[in-house]
Amino acid sequence: MRRAPRGTRDILLQEAARWQFLEKIFREMCFTYNFAEIHTPIFEEAELFTRSVGEESDVVKKEMYIFRDRGDRELALRPEGTAGVTRAYLEHGLHRRAQPVKLYYFGPMFRYDRPQAGRQRQFYQMGIEIFGSGDPATDVEIIKFTSDFFARLGLLDLNLQINSVGCPRCRPFYLEQLRNFVRDKTALLCRDCRQRARVNPLRLLDCKNGDCRAALKDSPQMEAYLCPACREHFTAVLRLLKVLDVPFEVDPFLVRGLDYYTNTAFEFVSASLGTQGSLGGGGRYDQLVESCGGPPVPGVGMAAGVERIALAMEKKNLWPNEDVPSGIFLAVTGSDNEGREEGLALLYQLRAQGLKVEIDYLNRSLKAQMKYAHRHGFRYVIIWGEEERLSKRVKLRDLQAGEQREVSLQELGHLLSEQKGWIK
């Protein structure tokens, strides 16, 4: 029997309905915050990610799915969403429109990693981006959106961790101090961090290895080396978060895993999920558009992992009540073609009203159809047989209340329309 490839999984039935719920809340939030939807290809030129995400980042060195197509072009499955959105922003001339431009996306990403709970090789992210403004208020809008989104889901115990990673003006001096600090601690570092210390020392702070974190406990902190502009920006972000009553914790070791971040970096973390506790995060990327071949355009964004959010909601029992009966089952009895045809006509009339209605396609007995309706959680059953055809009145059975009544076809339409919120 064929199985889904390791690190991928099928999303179906109850879980698919839960994901639809998450996407619905996310889209409603994007509408309120005035973000427009964008869809980008699942694969892009590999160079787009190596230049933007960073050649020495773990994403590029260890996790990207890279392949050559039949035209010998080097392509990659997207490991994250921001680079592709940035490419589209430039390719379609959005940088020449009135700024800022606010976009959102929802879709699959791909990274070769060890599969575990909340982490798959094909995983799903929802994200938002703002291009064209360096105002600290846009950083705060991204963070407030994320905070509001998690609050809508009932995830109220998340910790917002935030830091400034500086800019190309102040970061080089800090990196030199960091290199000097770890020079005599090389033996204490993991193999990856020994490499990072030579080529990309900022990634040292992102390592989750216990020995590495202990060795770096007293390392220099970026905050002490921020240039005046970066310090002013970060101070303004923190001040606005306080104005909006968004609690936060400054974490000097927070740098995120992608090289394009400048100034603000942040994460929302759940203590209950352990190492998979980061449910969403992002930051500012003021050099990303330029690195992709465009003019200098500031940007800021956020991405959240659908699987991790779903896992957190499951652990905290936050999903909507899925045991509430909903929908209508149309039980057609009798074997004559005319009765069945009239039953099908009634089915599609009800569906045209926007109602969730199902019918039996296996010619089962009324008893078997009722059993099916109970098992699949329908709220109502409409019984349509020879008697109902002749009288033009149907039996409407409420399975939740255990009640049944006869109503005319005209009354049925009005009655069900009034109850649409329950059975849609």
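Here are some notes:
- Contacts under 7 angstrom Cβ, first residue in segment 208-233 being of a type in the set (A, V, I, L, M, F, W, C), partner assigned to a helix (DSSP H, G or I) and open to solvent by 90 Å² or more (accessible area, probe 1.4 Å), 6 or more apart: Ala215/Leu188
- Flag for Arg114 being of a type in the set (Lys, Arg) and either more than 23 Å from Gly81 (Cβ to Cβ) or assigned to a helix (DSSP H, G or I) (or both): no
- Checked against (1) at pLDDT below 95; (2) among the hydrophobic types (A, V, I, L, M, F, W, C); (3) assigned to a helix (DSSP H, G or I), Val255 passes all but condition (3).
- Failed item in (1) within 29 Å of Glu47 (Cβ to Cβ); (2) assigned to a helix (DSSP H, G or I), with Arg213 passing the rest: (1)
- Test result for Glu322, more than 28 Å from Phe26 (Cα to Cα) and under 39 Å from the mean Cα position of the chain (by Cα): no
- Subset of segment 61-112 (residues that are aliphatic (A, V, I, L, M) and more than 20 Å from Gly294 (Cα to Cα)): Met64, Ile66, Leu75, Ala76, Leu77, Met109
- Of the candidates Leu366, Leu362, Leu390, the single residue that is over 30 Å from Ser272 (Cα atoms), surrounded by 13 or more Cβ atoms within 10 Å (Cβ to Cβ) and not assigned by TED's automatic domain parsing to the domain that holds Leu288 is Leu366.
- Some residue of segment 239-247 being touching a helix residue (DSSP H, G or I) at 6+ places or on another chain (Cβ under 9 Å), free of Cβ contacts under 8 Å to residues at least 24 places away in the same chain and surrounded by fewer than 17 Cβ atoms within 10 Å (Cβ to Cβ): yes
- Members of segment 258-274 that are open to solvent by 30 Å² or more (accessible area, probe 1.4 Å) and either part of a helix (DSSP H, G or I) or small (Gly, Ala, Ser) (or both): Ala271, Ser272, Gly274
- Positions within segment 222-238 being closer than 14 Å to Ile162 by Cα and either open to solvent by 80 Å² or more (accessible area, probe 1.4 Å) or among the β-branched types (Val, Ile, Thr) (or both), in sequence order: Glu223, Arg231, Thr235, Val237
The values are calculated or read from the model by the stated rules, or taken from the named source; none is laboratory data. Every value quoted in this text rests on a predicted model; they were computed, and no experiment measured them. Ideal geometry is used to build each Cβ from the backbone, glycine not excepted, and the neighbour counts take in all protein chains shown. Please note that ligands, DNA and RNA were not included when accessible areas were found on the heavy atoms of the full protein model with its side chains. Shrake-Rupley method; radii C 1.70, N 1.55, O 1.52, S 1.80 Å.
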